Amino acid sequence: MKKKLALILAGVLAVSSLSGCTSKETPKDEGATPNATATESAQPEEPSGNMSADIVVIGAGGAGMTAAIQATQDGATNVVIVEKMPQTGGNTTYATGGLNASETKYQKAQGIEDSNELFYEDTMKGGKNINDPDLVHTLVDNSSAAVDWVNSIGGDLSVVAMFAGASVERIHRPSDTSAVGPMLVKTFNKQLEKLDIPVLLNTTAEQIVVDKDGGITGVKVKDAEGEKTIDCKAVIDATGGFGANMEMVMQYQPDLEGFGTTNQSGATGDGIKMATAIGAATVDMEQIQIHPTVDPVTHTLYTEGVRGNGAILVNSDGKRFVNELETRDVVSAAILEQPNAYAYMIFDEDVRKSLSAIEKYVSAGLVIEADTIKGLAEKIDVDAKTLEKTMKTYAAYQKAGSDKEFGRADMPLPLTKKKFYAVKCSPAIHHTMGGLKINTSAEVLNEEKNPIPGLFAAGEVTGGVHGANRLGGNAVADIVVFGRIAGTSAEKYVKDHGGNTEPTIKAPQKETEEQATPEVQGNYKDGTYTGTGTGNNGEIKVEVTVADGNITKIDVTEQQETEGIYESAEAGVLSAIIKTQKTEVDTVSGATHSSQGLMEAVRNALQEAVK
Ligand code: ADP
């Protein structure tokens, strides 16, 4: 990746100098080139020698990618995304559930009666009524349009299902039962490419630069080559939450010491720190959600869809102890009260068939299976008679349509079809509900509740939408609804403050392909080449053999990817590369980071093979 990035940046800098910038250094953080007000930015400015864009989006997760796409659709011509990880996607890649939306065309087609008001009430109730009511109204009122927008750029959210905390079927998912996150990330990536929006990977934003009046002038970033500043008029902070930053978690919730996290390693709260450093206010920082059903060892998250589609929870005595469809905080608290603070999620063949996410858990070796309930009980060390009784009682409740013990409303299946399955789970840190204070235009507010000119934020970096507890399906709704609003607001801000300008930073994907990777069959020098890429857990090394100008063989010589998940990426990606003779192929759903790491390793290996 380093080599590739060097090429990208060389290209970027070449473009900058071609566009007439001088190499004179201007320390933006000392306020030399104010872009803050209409009057100031209307004045011709000294070229700074820095890179420049109209809007810098920090973070290429769901919110950032949505914002960049929407801003560009609205007319922005010079948007750049900086992303500190080697790939786009952030935590959004791990979103398995779906997107909550009310009054949608899909609900109507399926005869589901829902309303924005009911969605509002469920979200407020789930959030213990501390949510910001204006933000929640904005979320629900724009949710149906969010589904339409995802459709309009090629995403599929056509299946509507039940999810914890929702009064009616409201969560929208891909029709092939696949996880929503990878589908969205793939859709967004394609759109970014189509719209020529550059994404600078391995580029960490370190500081939002302001002039002496507090007006935004740029973003200081660090990449493999060092530090540089991207001058800009507006910044969209879409850096996600801080669930992977234990120090920060402990600062706000010392009780969570020792908890695991479901978050990707980039979720470290950088965007909160950068924005508060220039006066942004925060809200609800102590509201940190733990997800109830997480594997205690690997921290793999078992989507609520498993319970939504029928699974129940039992404790180590083999007894149910909670309405499984209660909100995350209630179910988490109930699990923590059980002996040894863990539970087993139990389901049958019909549930397994209903959700492809389960296959990922099976291939990761996390699912215990047996032909009978008795056999399953023995494998998980639970009293067989008690578990059999629990399952029989539940089947009777399901048949009668009434859960006498725990009041579970939706019991889609009796759980009587062999085989039977169990996964162990305990709660882990999942979502940080608190964050930057924004208004309904996604403007970041200061302590006096006034917008900081030019600073916008969307997604998990913000606070107030989810209150004290986020409902499953509302994070994806949040990133699309507020990502779009942030994009629209930032574009409008740019228009009002000097207008859109010609892009000077080129989309690196193109730069890389043109310069480094011939994609035509038979265009490589014969030989064996080695290359390295970054996967989910670290480096992936490959050895690529080229014969008669074609890639004929790829051996993975080193990798530390997650067993059970990685294999499908290796099989899918490597065979696709050999088949297409291209190094950009579809990622394997559920193994996005491993897939991207493999492609990157092959690409790097082939740099030496260019004729
Ligand atoms: P959301 O769901 O709000 O979009 P995600 O976690 O999906 O949040 O995405 C946030 C993205 O921001 C991640 O890809 C993360 O790596 C990236 N990010 C976090 N901090 C920085 C930073 N300082 N510079 C660049 N990118 C960052």
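The values are calculated or read from the model by the stated rules, or taken from the named source; none is laboratory data. Treat the numbers as computed from the prediction; the structure is a model and nothing was measured. Note: ideal-geometry Cβ built from the backbone for every residue, glycine included; neighbour counts use all protein chains shown. Note: accessible area is taken over every heavy atom of the protein model, side chains too, but ligands, DNA and RNA are not part of it. Shrake-Rupley method; radii C 1.70, N 1.55, O 1.52, S 1.80 Å.
Identify all residues within segment 117-136 that are without any contact (Cβ under 8 Å) to a residue 60 or more places away in the chain, surrounded by fewer than 18 Cβ atoms within 10 Å (Cβ to Cβ) and not acidic (Asp, Glu); write none if there are none.
Result: LEU118, LYS125, PRO133.
Identify all residues within segment 177-209 that are open to solvent by 40 Å² or more (accessible area, probe 1.4 Å), among the hydroxyl-bearing types (Ser, Thr, Tyr) and away from the ligand (no atom under 16 Å from the Cβ); write none if there are none.
Result: THR177, single match.
When residues of segment 205-258 are filtered for being out of contact with any Gly (no Cβ under 9 Å at 6 or more places or on another chain) and hydroxyl-bearing (Ser, Thr, Tyr), how many remain?
0
Can you name every residue in segment 372-402 that is over 35 Å from the mean Cα position of the chain (by Cα) and part of a loop (DSSP other than H, G, I, E, B)?
Scanning segment 372-402 gives THR372, ASP381, VAL382, ASP383, GLY401, SER402.
Of all the residues that make up segment 50-75, how many are of a type outside the set (A, V, I, L, M, F, W, C) and either in a helix (DSSP H, G or I) or within 11 Å of the ligand (Cβ to nearest atom) (or both)?
Qualifying residue count for the region: 9.
Which residue, of LYS220, LYS212, LYS233, is within 14 Å of the ligand (Cβ to nearest atom) and either open to solvent by less than 20 Å² (accessible area, probe 1.4 Å) or touching a residue at least 40 places away in the same chain (Cβ under 8 Å) (or both)?
Of LYS220, LYS212, LYS233, the one residue that is within 14 Å of the ligand (Cβ to nearest atom) and either open to solvent by less than 20 Å² (accessible area, probe 1.4 Å) or touching a residue at least 40 places away in the same chain (Cβ under 8 Å) (or both) is LYS220.
Determine, yes or no, whether VAL283 is within 16 Å of the ligand (Cβ to nearest atom) and either open to solvent by 30 Å² or more (accessible area, probe 1.4 Å) or at pLDDT 95 or above (or both).
Details: within 16 Å of the ligand (Cβ to nearest atom): yes; either open to solvent by 30 Å² or more (accessible area, probe 1.4 Å) or at pLDDT 95 or above (or both): yes.
Against the criterion (within 16 Å of the ligand (Cβ to nearest atom) and either open to solvent by 30 Å² or more (accessible area, probe 1.4 Å) or at pLDDT 95 or above (or both)), VAL283 qualifies.
Failed condition for ASN131, given (1) modelled with pLDDT under 95; (2) away from the ligand (no atom under 16 Å from the Cβ); (3) assigned to a loop (DSSP other than H, G, I, E, B), with all others met?
Of everything listed in (1) modelled with pLDDT under 95; (2) away from the ligand (no atom under 16 Å from the Cβ); (3) assigned to a loop (DSSP other than H, G, I, E, B), ASN131 misses just condition (1).
Being open to solvent by 10 Å² or more (accessible area, probe 1.4 Å) and within 21 Å of SER167 (Cα to Cα) is true for just one of ASP329, ASP350. Which residue is that?
Working: ASP350 fails: within 21 Å of SER167 (Cα to Cα).
Within the list ASP329, ASP350, the selection yields ASP329.
When you check SER102 against the structure, is it open to solvent by 50 Å² or more (accessible area, probe 1.4 Å), assigned to a loop (DSSP other than H, G, I, E, B) and more than 20 Å from ALA67 (Cβ to Cβ), yes or no?
Details: open to solvent by 50 Å² or more (accessible area, probe 1.4 Å): no; assigned to a loop (DSSP other than H, G, I, E, B): yes; more than 20 Å from ALA67 (Cβ to Cβ): yes.
For SER102, the condition - open to solvent by 50 Å² or more (accessible area, probe 1.4 Å), assigned to a loop (DSSP other than H, G, I, E, B) and more than 20 Å from ALA67 (Cβ to Cβ) - is not met.
Only one of (1) near the ligand (Cβ under 10 Å from one of its atoms); (2) at pLDDT below 95; (3) touching a helix residue (DSSP H, G or I) at 6+ places or on another chain (Cβ under 9 Å) is not met by ILE272, so which one is it?
(2)
Mind listing just one residue for me: the one in segment 78-95 that is surrounded by 24 or more Cβ atoms within 10 Å (Cβ to Cβ) and more than 10 Å from the ligand (Cβ to nearest atom) and, of those, farthest from ALA507 (Cα to Cα)?
In this case the residue turns out to be VAL79.
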